[in-house]
Amino acid sequence: MSRRPWLRVESRLCAALLVWLSVSTGTAASAEQSADRMERGRYLIHAGGCISCHTADRPDAIPLAGGRRLETPFGVFYSPNLTPDPKTGLGGWTDADFNAALRHGRAPDGSPYYPVFPYPAYAGMSDRDVAAIAAWLRSLPPVDNPVPAHELPWYLGSRWVMLGWNLLFFDSRPFTADPARDTDWNRGAYLVRHLGHCGECHTPRNLLGARDDSRELAGNPDGPDNEKIPNIRQDRDGGIGRWSIEDLLLFLEMGMLPDGDFTGSSMSAVIDDNTSHLTADDRRAIAVYLQSLAPLDSPYSGAPARTAHFHHESRAGRHGSGQQSAVKVCRPQQEQEKWQECLQRTWFRWIAIGCSPACMWPSSTDPGCKHRSMHMASC
Amino acid sequence: MRRSRLTTLLTLATLAFAGNSLAATTPADAIKYRKAVMSAMAAHTSAFSLISFGRVEHQGHMLAHVDALAVLGTQLKVLFPAGTGTGDTDALPLIWQEQARFGELLTASEKSTADLRAAVAAGDKAATMKAFKAVGDSCKGCHDRYRKEND
């Protein structure tokens, strides 16, 4: 009996010591973890290509404070401010908010984002990467930078219309490694398909603007800012089939094309803000993954990835010589090409490029239809 | 006397011919020439990179390529005369709207190429790699702002 209080005291002391030990080692471990996580977050911000879109296109723009104007076939978007400013940025965002945004395309109020924000690609990101990005963005100095409202057609005026789009097209499954492939390939697949979201520009879109992953990276005639985005599959002429892995590595590191030219265009921002900051191993992983993609000819003949004299050849080659033809009714082969081109474009562009809406419905893919009504003045 | 008259005549004829041929430079040919010089620079850059990244051995050729780049680089400033912004060219009108800035970028590009030449001449591999990246950045910076890409 008399020893009991001692026992109690002793056991309390022990418990306290245990608690103290676990707390102190815990904080040491988490401090280390968080330094690690911050560094990882900083790296992922590059690998995720956040900077190119979330920084305004002005020399004095503050990185990640938003405001970049992005012209798309669906309207003009202005990227939001990612700094933790409470009024104009992401002040007060929790890990759950970041997770919902990056992997489910939802704002903290539950409303869906427009897929100009590449959440369909980010959906495959790992928990660890999402947490690291969140931690790093929260550590930025807040910048008060209100951005203009998007300029969209009336039927896209409310973000809630994207709920239906998500039901149809959004796949929120996380990335799973393919055990049949090696580590490099899997890392490359993760970087290309998810984090780096290469397909958001390089993969053509269907009529409703969703990525057509059956043509992964086969080129996109309707890229952002009206650019034609090249096919980067292994076709020897239309794609990058002639590029060696060293060619690819050099391009991702500094933007040099195999013929010694240096890229301009939106890819130069991707190289400056993203791929040039990656580790050599990650660049190699991307190259390994890209080289594993079977050739897939792009249905339109514009913008092949450049080998020699890209500019002159592609200009001359696009749509054949028919562009200058005065004949109003297309010849069968041109009809076929035009038809394919129309199919690859969103319907917002049909009128501009002279597609015939009568034959543009998915049910009308029978051969008869395109010969009947693809009489296009522009082909 | 006769001889000097003949010389004068010949000189005048030559001058007239030269003047004529200058006046006859069409914008289309000026664009063609610009492209030819640019392609030549690209070819030297490609060759240089193959050597500097150890993909081919010809170390002894490096200086020749970088010399060519440096010389051609100083010619770029006169390759964008007014009137050559339309036609078969990817040069953007912005070049002629902000001549000062365009000129500054070309000067910076000449400087980075001179640095590359110095690094190669000194046989400094690390400095060569660094300078080559800087040259690439100067090419990319100009193309990004002043060249139409992918239509």
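Since every read-out is calculated from the coordinates, none of them should be taken as a lab result. All values derive from a computational prediction rather than experimental measurement. For neighbour counting, all protein chains shown are included, and Cβ atoms are generated from backbone atoms with ideal geometry for every residue, glycine included.
Using Cβ counts within 10 Å as a stand-in for footprinting exposure, how do A:Phe98, B:Phe53 rank, fewest first?
Ascending Cβ contact count within 10 Å gives the list B:Phe53, A:Phe98.
Overall, the anisotropy analysis places the stretch B:31-151 in the prolate class: the square-rooted eigenvalues a ≥ b ≥ c of its C-alpha gyration tensor yield a/c not less than 1.5, with a/b exceeding b/c. With an a/c value of 1.5 or above and a/b not larger than b/c for the gyration tensor axes a ≥ b ≥ c computed over the alpha-carbon atoms, the stretch A:34-174 is described as oblate. Rounded to the nearest 0.05, the FRET efficiency derived from the C-beta distance between A:Ser172 and B:Arg145 at R0 = 45 Å is 0.70. Counting neighbouring Cβ atoms within 10 Å and putting the fewest first, the residues A:His104, A:His150, A:His197 line up as A:His104, A:His150, A:His197. Based on Cα contacts under 8 Å between residues 6+ apart, the stretch B:34-119 shows a relative contact order of 31 percent. Amide H contacts for A:Arg106 (H built 1.01 Å from N in the peptide plane; partners 5 or more residues away or on another chain; cut-off under 5 Å): A:Ala101, A:Tyr113. Applying a threshold of 23 Å to the alpha-carbon distances of A:Lys228/B:Lys140; B:Lys32/B:Lys140; B:Lys125/B:Lys148; B:Lys32/B:Lys77; A:Lys228/B:Lys133 flags B:Lys125/B:Lys148; A:Lys228/B:Lys133 as lying beyond it. Each residue of the stretch A:215-228 is assigned a 3J(HN,Hα), and the resulting list reads 10, 3, 6, 7, x, 9, x, 10, x, x, 6, 6, 8, 8 Hz, derived from the Karplus form 6.51 cos²θ - 1.76 cosθ + 1.60 (θ = phi - 60°), x at Gly and Pro. Structural descriptor for the stretch A:34-174: relative contact order 28 percent, calculated from alpha carbon pairs under 8 angstrom and at least 6 residues apart. Taking label positions 7 Å along the Cα-Cβ direction at both A:Tyr155 and A:Ala280, the computed distance is 5.2 nm, reported to one decimal. Modelled spin-label separation between A:Asp57 and A:Arg242, with each label point placed 7 Å from Cα along the Cα-to-Cβ direction: 3.0 nm. 3J(HN,Hα) couplings calculated from phi for the stretch A:99-115 with the Karplus curve 6.51 cos²θ - 1.76 cosθ + 1.60 (θ = phi - 60°) are, in sequence order, 4, 5, 5, 5, 9, 10, x, 10, 6, x, 7, x, 6, x, 7, 6, x Hz; Gly and Pro show x.
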